[in-house]
Ligand SMILES: *Cc1c(COP(=O)(O)O)cnc(C)c1O
């Protein structure tokens with residue numbers, strides 16, 4: 001660091017102080033990770049409780065000693081967080097974070113490359129390119145595809161959506177906007193809400209979505225085809241079909257090969273939302289339904305789900321890299337990023353939404369190197385195995401109905417037998433809140449055919465057999481207590 005004294009540098013920290021604060025922080029983090037299973041996975045607290053704990057109300061006029069700041073802050077985080085790294089966290093689709101990814105983020109922030117332009121980030125850009133290639137390879141997607149790291153599944157899906165919109169529009173949408181376009185997109189009724197944001201943000205409007213009915217959570221192909229034909233007859237333009245590999249509620253996989261064939265027949269872009277489930281294409285016994293993922297024009301996947309990368313890390317893959325440039329590239333005169341056709345320097349700002357970009361790829365790349373492909377696959381297999389074990393334990397218990405069991409998601413409810421319809425839904429909804437506040441396990445919910453269900457999704461390399469076999473009794477105990485007050489009312 002520069003030792004000069006000719007200017008103010010209130011944010012600089014001396015090497016000695018940095019070491020001291022850093023060593024202390026690393027010690028704290030190591031202790032935190034080592035004892036995470038002794039902490040409540042979540043807590044009952046209100047927003048005002050949390051605001052009070054922060055204890056600084058005003059923007060400070062003057063600075064504070066960084067060692068003191070770091071100490072109070074780490075404590076604040078450990079005391080008031082929901083821990084997705086806890087072995088009994090199974091809510092939503094949120095994974096525990098790899099320790100190597102945690103350290104990688106620190107390293108990435110230290111060198112701080114701007115991965116928008118090659119010249120600003122030579123090693124980071126090349127590592128990101130390799131990460132994209134490895135992720136493609138992992139799921140058997142053509143590894144000469146284009147792609148980039150983004151913040152998550154939503155953004156990865158948006159990248160595919162914008163590439164599709166550009167390729168499939170007859171008008172020049174980038175210059176003229178959507179005009180009177182009648183582009184229509186086909187998705188199953190179980191598709192994640194990103195599709196609403198995408199059609200809204202990129203000018204099609206949510207009425208352009210055709211929600212295709214499902215059977216057992218997967219898209220009905222006959223309904224898909226007849227809707228496409230119907231729309232064509234109406235003068236609309238079917239342009240994109242989204243297949244989901246691992247629905248957010250239950251982990252169901254749409255029949256991707258068959259959808260690919262229909263896309264070919266009707267000249268539609270085939271996008272796969274594999275934010276959660278794309279990774280199972282890497283398993284030696286991958287389910288048949290996922291095999292068609294290699295035929296997709298674009299794929300979204302989330303390393304911050306089943307590769308356990310710390311948030312945020314999503315990845316968009318697009319079969320033809322030119323389609324990303326077609327969708328996103330501009331060349332303002334204030335960018336002097338030379339091109340060398342012999343050995344091209346790619347500038348990631350041209351491939352997606354962001355301009356300045358952080359080095360997200362590092363934590364993903366390091367995670368893949370730490371575990372290796374076999375390690376990554378093995379951990380996914382264990383998550384799936386433990387999901388089934390939980391389902392078995394719930395069925396064996398007798399007070400539960402298991403509704404679905406797919407990938408690593410199990411959906412179920414407590415059924416005392418004497419509550420009907422709405423009452424039973426209310427009961428399980430209240431039960432979920434109690435369980436979350438109690439902090440022994442963390443579940444979320446699904447609604448299937450109007451039934452409110454508890455839902456466990458294991459993307460957690462810390463979860464062990466004894467964690468999942470403990471579930472029925474933990475839930476039943478909370479349910480019995482709730483039931484006692486319930487019937488008294
Ligand atoms: C998680 C998920 C998303 C959204 O991804 P984020 O990383 O939360 O933005 C979209 N689709 C599916 C199927 C998902 O599982």
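Derivation of every value follows stated rules applied to the coordinates shown; laboratory data play no part. Model, not experiment: these values are computed from the prediction. Every residue, glycine among them, receives a Cβ derived from its backbone with ideal geometry; neighbour counts consider all protein chains shown.
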Original post:
What is the distance, in nm, between label points placed 7 Å from the Cα along the Cα-to-Cβ direction at residue 82 and at residue 236?
Top reply: 3.5 nm
Original post:
Using only Cα atoms, what Kirkwood radius does segment 315-428 have, in angstroms?
Top reply: 19.6 Å
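Arrange the following residues from fewest to most other Cβ atoms within 10 Å of their Cβ: 349, 23, 92. Before the final figure, lay out each step's value.
Working: 349 24, 23 10, 92 17.
Ranking 349, 23, 92 by Cβ neighbours within 10 Å, fewest first, gives 23, 92, 349.
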Original post:
When you count, for each residue, the other Cβ atoms within 10 Å and take the mean per peptide, how do 451-461, 65-75 rank with the highest first?
Top reply: 451-461, 65-75
**OP:** Take every Cα pair under 8 Å in segment 20-147 that's 6+ residues apart, average their separations, divide by the length, and report that relative contact order as a whole percent.
**Re:** 20 percent
Original post:
Where in segment 11-51 is the amide nitrogen less than 18 Å from a point lying 7 Å along the Cα-to-Cβ axis of residue 62?
Top reply: 11-12
**OP:** Place the peptides 8-16, 473-481 in order of packing, highest mean first, counting for every residue the other Cβ atoms within 10 Å and averaging per peptide.
**Re:** 473-481, 8-16
**OP:** Quick one: plug the Kirkwood hydrodynamic radius of the chain (C-alpha pairs) into Stokes-Einstein at 20 °C, 1.002 mPa s, and report D in µm²/s.
**Re:** 87 µm²/s
**OP:** Sum -39500 (n - 2.57) across every DSSP H segment of at least 4 residues in the chain, then divide by the residue count to get the 222 nm mean residue ellipticity, nearest 500.
**Re:** -14000 deg cm²/dmol
**OP:** List, largest first, the extents of the alpha carbons of segment 366-474 along their principal axes, each in whole Å.
**Re:** 52, 26, 25
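Highest first, please rank the peptides 203-216, 273-286, 41-54, 95-108 by the mean number of other Cβ atoms sitting within 10 Å of their residues.
Descending mean neighbour count gives 273-286, 95-108, 203-216, 41-54.
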**OP:** Calculate the translational D of segment 237-289 in whole µm² s⁻¹ from Stokes-Einstein, where the hydrodynamic radius comes from the Kirkwood formula applied to all Cα pairs, the temperature is 10 °C and the viscosity 1.306 mPa s.
**Re:** 138 µm²/s
**OP:** Please work out the ratio of the alpha-carbon Rg of segment 40-153 to 2.2 N^0.38 Å and round it to two decimals.
**Re:** 1.47
Original post:
With contacts defined as alpha carbon pairs under 8 Å and 6 or more residues apart, what's the relative contact order of the chain in percent?
Top reply: 21 percent
